[in-house]
1. Tell me what the chain gives for mean residue ellipticity at 222 nm when only DSSP H runs of n ≥ 4 count, each as -39,500 (n - 2.57), the sum divided by the residue total, rounded to 500 deg cm²/dmol.
2. Angle, helix 11-27 long axis vs. longest principal axis of the chain, Cα atoms, 0 to 90°, nearest 10?
3. How would 137, 177, 76 line up from fewest to most surrounding beta-carbon atoms within 10 angstrom?
4. Using a Gaussian network model of the chain with C-alpha springs under 10 Å, which one of 78, 146, 179 is most mobile by mean-square fluctuation?
5. Determine, for 30, 140, the number of other Cβ atoms within 10 Å of each Cβ, and report the residues in order from fewest to most.
6. So what is the relative contact order of the chain, in percent, for Cα pairs below 8 Å that sit 6 or more residues apart?
7. Order of 162-168, 128-134 by packing, highest average Cβ count within 10 Å first?
8. Could you work out how far apart the two model spin labels at residue 15 and residue 44 are, taking each label as a point 7 Å from the Cα in the direction of the beta carbon, and quote it in nm?
């Protein structure tokens, strides 16, 4: 009986898999959160077997997030949460919040863009964004009598994940950006596929 030794891989192999995963995220086959986990596994892989596990099942996965594409979120005297599977058009989103609360959960968003740009205006309200761990966020803007908090996990940026640029104009408001680790579905995928 011949024992097969896993073949070593190169950075080019990892880059090809990262591009495949990015395309799958853009097509809606995997979410941004799953993309972050899988691309992290691809860059950590040292053999062809480990690299293949990072894309296991992606090609056969049906398209998710078939809901309409979101370009603008407007919240007036109310609360609005955008979570679950949804799509961004062209990697751009505009948000307006007046006397209300807007929460954008980007962990399950479908996009193939290298940069996601969010333009937000908040008056007398609350604006929150949740991203997967390992995704870089740039938060800039102006504020008057407002609070701003960025709570990202102290983990390195995962190669291939998009940069999220958030420009906020806030008056008498609260702005929060935070990251969250993988959800239960991703944890079970990690346990089953990668043995983690």
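1. -6500 deg cm²/dmol
2. So the helix axis and the longest Cα principal axis differ by about 50 degrees.
3. Values: 137 19, 177 23, 76 12.
So the residues, fewest neighbours to most, are 76, 137, 177.
4. Largest GNM mean-square fluctuation: 78.
5. Details: 30 29, 140 8.
Fewest to most other Cβ atoms nearby, the residues stand as 140, 30.
6. Details: 438 pairs, mean separation 39.7, N = 196.
Once normalised by length, the contact order is 20 percent.
7. Values: 162-168: 19.7, 128-134: 22.0.
Final packing ranking: 128-134, 162-168.
8. In this crude label model, residue 15 to residue 44 measures out at 2.3 nm.
Values quoted throughout were computed directly from the atomic coordinates according to the rules given, and no laboratory measurement underlies them. Small disclaimer: the values here were computed from a predicted structure and weren't measured. All Cβ positions, even for glycine, are placed from backbone atoms using ideal geometry, and neighbour counts span all protein chains on display.
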